[in-house]
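Asker: Structure below; questions to follow.
The values are calculated or read from the model by the stated rules, or taken from the named source; none is laboratory data. What you see is a predicted model, and the numbers here were worked out from it, not measured in a lab. Using ideal geometry, Cβ is built from the backbone for each residue, glycine included, and neighbour counts are taken over all protein chains shown. Areas reflect the complete protein model, heavy atoms only, side chains present, ligands, DNA and RNA absent. Shrake-Rupley method; radii C 1.70, N 1.55, O 1.52, S 1.80 Å.
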Amino acid sequence: MANSSNGAKVAKLILSVMGLGFLAIGGVLTLLSYNFMDNALPATGTVVSVEVNYGDDSVTYQPTVRYMDHAGRKQTGETFISSSSYDFEVGAKVNILYDVRDPASLRMNTWFATWGFGVIFLFGALVPFVIATIIGVFARQKARNNPASAVKRVELRDQ
């Protein structure tokens, strides 16, 4: 019985640490996105090159975009992330958001490119916490149904 209870406690601890890690990463990514959006302006740019990244089972693309900023200056920058959906041809017109403080810092003008990863990690943080809660409920239920643990509880109360 003790091993099962200890195993549940260790599993809950590991899952809680994982959940806190996901929560921290999601929080940081969301704050970075908020900071970016607080200083971002939209523009239409032209893809001037595309870096192709080959992974184990996937290919992602990171375009470099040339655009005119709010002051009419030509700027060039790479997207914040690479993505399999960024398979643009050189010369393609794309809608971007750029940071007025750092015009080379840009993102595609889509909800997912701006907020997606932060939200994924924030929601991902819920999964380990839910699993840890379920493990705790089952461990308590198992302890209640175990006659040896009931005797121990009675013995402790009588003392």
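Asker: Could you give me the residue pairs with C-beta distances under 6 Å whose first residue belongs to the range 23-44 and is free of Cβ contacts under 8 Å to residues at least 60 places away in the same chain, whose second residue is outside any helix (DSSP H, G or I) and open to solvent by 80 Å² or more (accessible area, probe 1.4 Å) wherever it lies, and which are 6+ apart or on separate chains?
Answerer: Qualifying pairs under 6 Å: Leu41/His70; Thr44/Lys93; Thr44/Asn95.
Asker: I've got another one for you. Could you list, in sequence order, the residues of the range 62-72 that are touching a strand residue (DSSP E or B) at 6+ places or on another chain (Cβ under 8 Å) and open to solvent by 40 Å² or more (accessible area, probe 1.4 Å)?
Answerer: The initial filter retains those residues of the range 62-72 that are touching a strand residue (DSSP E or B) at 6+ places or on another chain (Cβ under 8 Å), namely 62-70.
Of everything in the range 62-72, those that are touching a strand residue (DSSP E or B) at 6+ places or on another chain (Cβ under 8 Å) and open to solvent by 40 Å² or more (accessible area, probe 1.4 Å) turn out to be Arg66, Met68, His70.
Asker: Looking at (1) open to solvent by less than 40 Å² (accessible area, probe 1.4 Å); (2) over 30 Å from Leu126 (Cβ atoms); (3) of a type outside the set (Asp, Glu), can you tell me which one Gly26 breaks?
Answerer: (2)
Asker: Next question, about the same structure. Within the set of pairs 6 or more residues apart or between chains, which connect a residue that is closer than 13 Å to Thr44 by Cα inside the range 72-101 to a residue that is of a type in the set (Asp, Glu) and buried (at least 18 other Cβ atoms within 10 Å of the Cβ) with Cβ atoms less than 9 Å apart?
Answerer: Hits for this filter: Gly77/Asp99.
Asker: Can you find even one residue in the range 45-58 that is closer than 15 Å to Ala132 by Cβ and at pLDDT 90 or above?
Answerer: The first filter runs over the range 45-58 and keeps only residues closer than 15 Å to Ala132 by Cβ, leaving none.
For the range 45-58, residues closer than 15 Å to Ala132 by Cβ and at pLDDT 90 or above: absent.
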